[in-house]
Amino acid sequence: MPSLRCLSCKTNYPTHEKLYTCPACDGLLDVTYPIDEMSGERLMSLWDWRRASPRTIDQSGVWRFRELLPEATEDEIVTLTEGNTQLWEAPRSAKFAGVDRLVLKHLGMNPTGSFKDLGMTTGITQARRLGAQMVACASTGNTSASMAAYAARAGMKSYVFIPSGQIALGKLSQALDYGAVVLQIEGDFDDAMRLVREVASETPIYLLNSINPFRLEGQKTIAFELLQQRGWQIPDRIVVPGGNLGNSSAIAKGFRELLERGVIARMPKLTIIQAEGSNPLYRMWSEKSEVLAPLSPAWTLATAIKIGSPVSWPKAIRGLHCSNGTVESVNEQEIADAKAIIGSDGIGCEPASAVTVAGIRKLVAAGEIDPGEDIVAILTGHVLKDPDYTVNYHRGTLTYAPPGGERISIHSNYANAFIQVPSEKQALLSALQL
Ligand code: F0G
């Protein structure tokens with residue numbers, strides 16, 4: 001049976017207790033599974049077989065892998081058949097980054113447009129198993145959109161705590177549409193996170209941020225699905241944006257569990273990319289510190305990852321160590337250009353996802369990535385999540401102001417501005433230059 005284990009003091013707890021951190025030492029908790037006699041070969045063939053099965057739980061790109069997920073009956077599972085997101089070749093992004101070949105796995109193709117759905121199906125299912133009627137999260141937007149949708153499916157009341165005026169409108173509109181109670185906190189994400197943790201500890205509300213270990217269990221299936229789509233061939237490197245550091249931690253855990261069960265023979269290098277104004281993990285990693293120093297205030301136009309005090313950093317560090325990974329940081333200009341290039345591949349993504357391609361480019365230039373490496377970059381959110389950013393970039397009106405600094409204009413190096421034309425054929429023809 002799965003159990004909860006503290007990362008720090010290694011104490012075990014049953015999964016039916018409502019715990020977010022270790023009651024003994026406040027350490028982060030992991031869901032752990034016994035390593036049974038089912039071989040790696042057997043797991044792979046069972047999971048491959050399920051891909052063709054019409055059952056909803058087999059069609060879910062999360063629950064298909066249920067041998068390595070928390071227990072739940074079919075009736076308890078709350079799913080929107082998440083997962084099954086594409087792997088796409090991205091030749092222009094590869095050229096821009098300076099690598100021979102680049103594959104993007106687009107988790108923005110999930111039901112609510114981000115990878116959060118993978119963790120929300122397991123998080124809300126656990127909420128139902130525990131009998132919770134109310135759920136809450138702090139969010140830079142995507143978690144709230146996803147939680148609101150899954151809570152609606154489960155008939156639960158949802159409360160989202162968002163930093164006032166700091167989330168992309170697409171995400172806010174989703175939370176409203178799915179019926180969440182939206183509380184705009186006059187503060188940043190880190191304030192909202194602290195407050196929601198306090199509220200959840202004093203009320204029957206179940207907390208669904210990624211500090212909740214059941215969220216990460218769903219997100220770790222990114223590793224499983226990715227390998228399944230590649231016929232179980234391991235890439236050399238997996239590149240992922242880092243915000244609250246739940247996703248990078250989850251992906252590393254997924255690979256590690258497959259390694260322990262003999263499904264794979266080595267770990268791909270986990271490569272976490274942060275935005276320069278919100279890069280506490282990068283600072284910790286490059287300074288070789290033992291503890292993460294929160295950054296306040298955090299800033300970046302990639303609002304999804306505008307986080308200065310990421311809760312899952314010890315798990316992310318563990319993932320970096322066990323995969324011989326690395327951390328990089330990219331600036332606003334690099335993010336904006338990389339996003340436009342991903343768009344030019346006919347793929348598109350939200351700004352936070354574009355740090356991946358920007359980061360690969362920087363690591364290639366520094367000689368840390370070999371251009372011949374087999375790399376998969378994870379795009380985390382859909383291009384329609386933040387249309388304001390995209391339109392401003394292409395119009396040449398994207399600007400940002402670091403705390404205490406002057407307002408800076410982003411150079412629209414790959415701009416595709418729209419053309420204003422009078423409603424008349426001749427004017428159109430001359431605008432078309434045909
Ligand atoms: N990309 C997108 C699009 C995100 O929404 C997030 C996080 C990340 C990357 C970073 O992932 O936090 O696991 O390191 N969004 C959270 C939210 C914080 O509230 O939606 P992470």
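Readers should treat all values here as calculations from the given coordinates under stated rules, not as data from a laboratory. Bear in mind the structure is a predicted one, so any value in this text is a computation, not a measurement. Using ideal geometry, Cβ is built from the backbone for each residue, glycine included, and neighbour counts are taken over all protein chains shown.
Listed values, structure above:
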item	result
Hz values of 3J(HN,Hα) by residue in the range 354-370 - Karplus curve (6.51, -1.76, 1.60), Gly and Pro given as x	6, 4, 4, 5, 4, x, 4, 4, 5, 6, 5, 4, 7, x, 8, 10, 7
Of every Cα-Cα pair in the range 130-269, the percent that sits beyond 26 Å	33 percent
Rg and Dmax [Cα atoms of the chain; Å; Rg one decimal, Dmax integer]	21.3, 76
Chymotrypsin sites (Phe, Trp or Tyr not before Pro) restricted to DSSP loop in the range 375-430 with at most 12 other C-beta within 10 Å	Phe418
Karplus-derived HN-Hα couplings along the range 203-219 (A = 6.51, B = -1.76, C = 1.60, θ = phi - 60°), whole Hz, x at Gly and Pro	9, x, 5, 8, 8, 10, 6, 6, 5, 6, x, 6, 5, 5, 4, x, 5
Cα gyration tensor shape of the range 190-283, rounded if a/c is under 1.5, else prolate or oblate by comparing a/b with b/c	oblate
Dipole magnitude of the range 324-369 about its Cα centre (Cβ charges: Lys, Arg +1; Asp, Glu -1), debye to nearest 20	60 debye
Built amide H within the under 5 Å cut-off of Glu76, gap 5+	none
Unit charges on C-beta of K, R, D, E only; dipole of the range 1-118, Debye	540 debye
Dipole of the chain [Lys/Arg +1, Asp/Glu -1 at C-beta], most positive-end residue of Ile167, Ala180, Ser53	Ser53
Pairwise centroid distance, computed over Cα atoms, of the range 90-165 with the range 390-411, Å	27 Å
Lys/Arg +1, Asp/Glu -1 at C-beta; the chain dipole; positive extreme among Ile35, Val391, Gln126	Ile35
Value of relative contact order over the chain, rounded to a whole percent, pairs C-alpha under 8 Å and six or more apart	16 percent
Residue order, fewest to most beta carbons within 10 Å, for Asp58, Asp26, Asp75	Asp75, Asp26, Asp58
Order by protection proxy (mean Cβ within 10 Å, highest first), peptides 38-49, 340-351	340-351, 38-49
Amide H partners (placed H, <5 Å) of Val181, local residues excluded	Ser158, Tyr159, Val160
Sequence-separation-based contact order of the range 309-424, relative, with Cα cut under 8 Å and 6+ spacing, percent	22 percent
Residue exposure sequence - Ile167, Ile57, Ile272, Ile305 - by fewest surrounding Cβ within 10 Å	Ile57, Ile167, Ile305, Ile272
Taking N as its residue count, the alpha carbon Rg of the range 2-97 over 2.2 N^0.38 Å	1.44
MRE, 222 nm, helices only [DSSP H, n ≥ 4, -39500 (n - 2.57), over the chain, to nearest 500]	-11500 deg cm²/dmol
Fluctuation leader among Asn110, Asn331, Asn413 - the chain, Gaussian network, Cα springs under 10 angstrom	Asn413
The range 360-434 - Rg over Rh from alpha carbon coordinates, Kirkwood radius	1.14
Volume per residue that the Cα convex hull of the range 81-192 spans, once the total is divided by residue count, Å³	124 Å³
Unit charges on C-beta of K, R, D, E only; dipole of the chain, Debye	300 debye
Sequence of Arg407, Arg66, Arg51 once ranked by neighbouring C-beta atoms within 10 Å, starting from the fewest	Arg407, Arg51, Arg66
³J(HN,Hα) computed for each position of the range 93-101 - Karplus, 6.51 cos²θ - 1.76 cosθ + 1.60, integer Hz, glycine/proline x	5, 4, 4, 4, 7, x, 10, 5, 8
Cleavage-rule hits, GluC sites (Glu not before Pro), the range 368-434, DSSP coil, Cβ neighbours within 10 Å at most 16	Glu368, Glu406, Glu424
Rounded to 10°, Cα long-axis angle of helix 189-202 versus longest principal axis of the chain	20 degrees
Built amide H within the under 5 Å cut-off of Lys269, gap 5+	Arg237, Ile238
